[in-house]
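In what follows, a structure is listed as structure tokens, so that the remarks can point back to it.
The values are calculated or read from the model by the stated rules, or taken from the named source; none is laboratory data. It should be emphasised that the depicted structure is a prediction, and the values quoted were computed from it without experimental measurement. Because the Cβ atoms are built from the backbone with ideal geometry, glycine has one as well, and the counts that use them run over all protein chains shown.
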């Protein structure tokens, strides 16, 4: 059943896009994110990374939920987290600044939010989290997580993520070499891999704020689609509830 507000409108889910400077500033987004939102019952809208005073807050006020998509790496030096690793491929500075403002505004105003890979790291870094900049170099015991690596993730019992996935262990696809070292203020670790690496975070003081390190959108059209699509459905349902509350109070 599709999640709709009392006005019959499907929830609008904003998705942050990539910024490509190779042929002039261009916003791009892998369509799998938009398709996951559509299949979950939402209307996907792509956001251009425009850094302007209060733009992120004004933008979020016009949508019902936020999907922070996967992406490149972070310029840790600008975050006060030490020199950026030579292997890092940071996103454009204006995108990093815009994404951080989005994440902070979404948490501050209770906007239902799901972060994927870079998006999960973004949520934690916005609240003081820290990074392993290059795996497995920074954590020699860690496996390789780049290039579509498959591995198991174990949700922490009792968390929202565990309830959504409904299993003690889930097989996931990873495409990252940076990872969270610490989860940041207000964030609870909701999943780890079998080597202890943080794979999920969530907030208890927020209507719906959850991040996963893997790529659930890559499960579309596979045997694991329904299980992974539950994350996007939860986002859309939370956005629908948020919209209904806004309709009642306006």
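Tally up the residues in the range 55-93 that are closer than 24 Å to residue 30 by Cβ, in a helix (DSSP H, G or I) and within 18 Å of the chain's Cα centre (by Cα), please.
So in the range 55-93, the residues closer than 24 Å to residue 30 by Cβ come out as 55-56, 59-60, 62-75, 87-93.
So of that shortlist, the ones also in a helix (DSSP H, G or I) come out as 55-56, 59-60, 93.
Going one step further and asking which of them are within 18 Å of the chain's Cα centre (by Cα), we end up with 56, 59-60.
The total comes to 3.
Return a yes/no flag: does the range 193-201 have any residue that is more than 18 Å from residue 125 (Cα to Cα) and in contact (Cβ under 8 Å) with a residue 60 or more places away in the chain. Explain how you work it out, then say what you get.
In the first step, residues of the range 193-201 are kept if they are more than 18 Å from residue 125 (Cα to Cα); the result is 193-196.
If we keep only those that are in contact (Cβ under 8 Å) with a residue 60 or more places away in the chain too, we end up with none.
No, the range 193-201 has no match at all.
Pick out the one residue from 67, 100 that is touching a strand residue (DSSP E or B) at 6+ places or on another chain (Cβ under 9 Å), modelled with pLDDT of 95 or more, buried (at least 19 other Cβ atoms within 10 Å of the Cβ) and over 20 Å from residue 195 (Cα atoms).
Numbers: 100 fails: touching a strand residue (DSSP E or B) at 6+ places or on another chain (Cβ under 9 Å).
Of the residues listed, the single one that is touching a strand residue (DSSP E or B) at 6+ places or on another chain (Cβ under 9 Å), modelled with pLDDT of 95 or more, buried (at least 19 other Cβ atoms within 10 Å of the Cβ) and over 20 Å from residue 195 (Cα atoms) is 67.
Could you check, for the range 131-143, whether at least one of its residues is touching a helix residue (DSSP H, G or I) at 6+ places or on another chain (Cβ under 6 Å), in contact (Cβ under 8 Å) with a residue 24 or more places away in the chain and buried (at least 18 other Cβ atoms within 10 Å of the Cβ)?
Taking the range 131-143 as the starting set, the residues that turn out to be touching a helix residue (DSSP H, G or I) at 6+ places or on another chain (Cβ under 6 Å) are none.
So far as the range 131-143 goes, no, none of its residues is touching a helix residue (DSSP H, G or I) at 6+ places or on another chain (Cβ under 6 Å), in contact (Cβ under 8 Å) with a residue 24 or more places away in the chain and buried (at least 18 other Cβ atoms within 10 Å of the Cβ).
Any residue at all in the range 40-47 that's surrounded by fewer than 24 Cβ atoms within 10 Å (Cβ to Cβ), in contact with a helix residue (DSSP H, G or I) (Cβ under 6 Å, 6 or more places away or on another chain) and modelled with pLDDT of 95 or more?
Narrowing the range 40-47 to residues surrounded by fewer than 24 Cβ atoms within 10 Å (Cβ to Cβ): 41, 43-47.
From the residues that got through so far, the ones that are in contact with a helix residue (DSSP H, G or I) (Cβ under 6 Å, 6 or more places away or on another chain) too are 41, 44.
Narrowing further to those that are modelled with pLDDT of 95 or more: 41, 44.
Among the residues of the range 40-47, at least one is surrounded by fewer than 24 Cβ atoms within 10 Å (Cβ to Cβ), in contact with a helix residue (DSSP H, G or I) (Cβ under 6 Å, 6 or more places away or on another chain) and modelled with pLDDT of 95 or more, which makes the answer yes.
Among the residues of the range 165-179, write down those that are in contact with a helix residue (DSSP H, G or I) (Cβ under 9 Å, 6 or more places away or on another chain) and over 16 Å from residue 215 (Cβ atoms).
From the range 165-179, those in contact with a helix residue (DSSP H, G or I) (Cβ under 9 Å, 6 or more places away or on another chain) are 165-168, 170, 172-173, 175-176, 178-179; that's our starting set.
Selection gives 166, 167, 168.
How many of the residues in the range 106-117 are in contact (Cβ under 8 Å) with a residue 60 or more places away in the chain and either surrounded by 22 or more Cβ atoms within 10 Å (Cβ to Cβ) or over 16 Å from the mean Cα position of the chain (by Cα) (or both)?
We begin by selecting, within the range 106-117, every residue in contact (Cβ under 8 Å) with a residue 60 or more places away in the chain; these are 106-107, 110-117.
From the residues that got through so far, the ones that are either surrounded by 22 or more Cβ atoms within 10 Å (Cβ to Cβ) or over 16 Å from the mean Cα position of the chain (by Cα) (or both) too are 106, 111-117.
Residues flagged as in contact (Cβ under 8 Å) with a residue 60 or more places away in the chain and either surrounded by 22 or more Cβ atoms within 10 Å (Cβ to Cβ) or over 16 Å from the mean Cα position of the chain (by Cα) (or both) within the range 106-117 amount to 8.
Pairs needed: first member in the range 16-35, touching a residue at least 40 places away in the same chain (Cβ under 8 Å); second member anywhere, surrounded by fewer than 17 Cβ atoms within 10 Å (Cβ to Cβ) and assigned to a helix (DSSP H, G or I); C-beta distance under 7 Å; at least 6 residues apart or different chains.
19/94
Of 57, 18, which residue is surrounded by 16 or more Cβ atoms within 10 Å (Cβ to Cβ), farther than 22 Å from residue 227 by Cβ and touching a helix residue (DSSP H, G or I) at 6+ places or on another chain (Cβ under 6 Å)?
On the way: 18 fails: touching a helix residue (DSSP H, G or I) at 6+ places or on another chain (Cβ under 6 Å).
Of the residues listed, the single one that is surrounded by 16 or more Cβ atoms within 10 Å (Cβ to Cβ), farther than 22 Å from residue 227 by Cβ and touching a helix residue (DSSP H, G or I) at 6+ places or on another chain (Cβ under 6 Å) is 57.
Which condition does residue 198 not pass, out of (1) surrounded by fewer than 18 Cβ atoms within 10 Å (Cβ to Cβ); (2) closer than 15 Å to residue 118 by Cα, if it passes all the others?
In the conditions (1) surrounded by fewer than 18 Cβ atoms within 10 Å (Cβ to Cβ); (2) closer than 15 Å to residue 118 by Cα, residue 198 misses (1) alone.
Closer than 13 Å to residue 117 by Cα and at pLDDT 95 or above: is that true of residue 178 in this structure? Write out each step before concluding.
On the way: closer than 13 Å to residue 117 by Cα: yes; at pLDDT 95 or above: no.
Answer is no for this residue.
With the requirement that a residue be farther than 21 Å from residue 71 by Cβ and either in contact (Cβ under 8 Å) with a residue 40 or more places away in the chain or surrounded by 16 or more Cβ atoms within 10 Å (Cβ to Cβ) (or both), what does the range 162-187 give you? Break it down stepwise before answering.
The first filter runs over the range 162-187 and keeps only residues farther than 21 Å from residue 71 by Cβ, leaving 162-171, 185-186.
Once the filter is applied, which keeps residues that are farther than 21 Å from residue 71 by Cβ and either in contact (Cβ under 8 Å) with a residue 40 or more places away in the chain or surrounded by 16 or more Cβ atoms within 10 Å (Cβ to Cβ) (or both), the range 162-187 yields 162, 164, 165, 166, 167, 170, 171, 185, 186.
Given (1) buried (at least 20 other Cβ atoms within 10 Å of the Cβ); (2) farther than 16 Å from residue 118 by Cβ, where does residue 210 come up short, assuming only one miss?
(2)
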